[in-house]
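Peer 1: The structure that follows is given in the form of structure tokens.
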Amino acid sequence: MVWLPECASTNTEAQHLIGENRATDGCVVITDKQTAGRGQRGNRWEANPGENLTMSVIWRPTFLPAQDQFLLSQAVALAVHDWASALLGPDGALRVKWPNDIYYGNRKLGGILIENTLSGAMIQHSVVGIGLNVNQREFGAHTATSLAWVTGRPYALPTLISRLLECLERRYLQLRSGRLAAIRHNYLAALFRYQEQHAYEVEGRRLEGEIRGVDEVGRLIVRIEGQLRHFDLKEISYVL
């Protein structure tokens, strides 16, 4: 574990360790203060210093073909969902929002950013960036929430880190052992708005649709206007 009191981005620091050949499989970079955290779609990750979990895990999933890299995303999202479920109980409000955000109700509890390095047709390195709102109570975005906001109590961060790493290892070993059907099944069971009718933004239009699943390359499958359509990350937006 590499602890930094402050850094721009734990993912960037992890990439430096890889570039300097100093990263072991399972190495963790964690910080109290991230000044330029990155999220999906190029968004900035907001986190007050010392109140949340901000970390990156380095893995070497050389067993995983590049075409199956969304399975890694699913495994990580499930690990974080496992971790949050153990703290919040079997609450139906806790969900994985495609592709790998963690939501409580309609509010974001955590985000994941995975950056893969490929070697031929296989994954060589993965940097798994995870940001989780724990003790923070005030956010610039009205769509954010935290564990403390949901439960009304503070949390000791070191204990939560240990639990999270256990959940990540368990799901990673599940992936490495080839239990892929279980990962896909568990992911759908936890998926936000799965098989429900909701509004989405597609090509500048607001349309009603029903999420029917996720294909093997990670595209969201939505039934819209009687047709099954497959969407990449920037092609569809949730209306919350």
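Nothing in this text is a laboratory measurement; each read-out follows from the coordinates by a stated rule. In this text, all values refer to a predicted model and were calculated from it rather than measured experimentally. FYI the Cβ positions are ideal-geometry reconstructions off the backbone, even for glycines, and counts take in every protein chain you see.
Peer 1: Using Cα positions and a limit of under 14 Å, work out the aspartates and glutamates in reach of LYS234, with same-chain residues fewer than 8 apart set aside.
Peer 2: Straight-line reach from LYS234, under 14 Å: GLU201, GLU203.
Peer 1: Related question: Could you tell me which trypsin sites (Lys or Arg not before Pro) in region 174-240 are loop residues by DSSP with no more than 15 other beta carbons within 10 angstrom of their beta carbon?
Peer 2: Answer in residue order: ARG179.
Peer 1: While we're here: Going 7 Å from the Cα of ARG206 in the Cα-to-Cβ direction, what parts of region 224-240 have a backbone nitrogen less than 16 Å from that spot?
Peer 2: 237-240
Peer 1: In nm, give the distance between the simple-model label positions of GLN67 and ASP91, each being 7 Å from the Cα along the Cα-to-Cβ direction.
Peer 2: Roughly 4.1 nm, to one decimal.
Peer 1: Classify region 14-122 as rounded, prolate or oblate, taking a ≥ b ≥ c as the square roots of the eigenvalues of its Cα gyration tensor: rounded when a/c is under 1.5, otherwise prolate if a/b is larger than b/c and oblate if not.
Peer 2: Oblate, because a/c is 1.5 or more while a/b does not exceed b/c.
Peer 1: 222 nm [θ] for the chain, helices only, -39500 (n - 2.57) per DSSP H run of 4+, per residue, to 500?
Peer 2: Mean residue ellipticity at 222 nm (helix-derived): -8500 deg cm²/dmol.
Peer 1: Starting at 0 and stepping by 5 Å, how many percent of the alpha carbon pairs of the chain end up in each bin?
Peer 2: Computed distribution, short to long bins: 1, 6, 14, 18, 20, 17, 13, 8, 2, 1, 0.
Peer 1: May I pose another question? Could I have the simple spin-label model distance between LYS234 and GLU138, label points 7 Å from Cα toward Cβ, reported in nm to one decimal?
Peer 2: Between LYS234 and GLU138, the simple spin-label model gives 3.5 nm.
Peer 1: If you line up the Cα atoms of region 134-240 on their principal axes, what length do they span on each, largest first, in Å?
Peer 2: That gives 48, 41, 21 Å along the principal axes, largest extent first.
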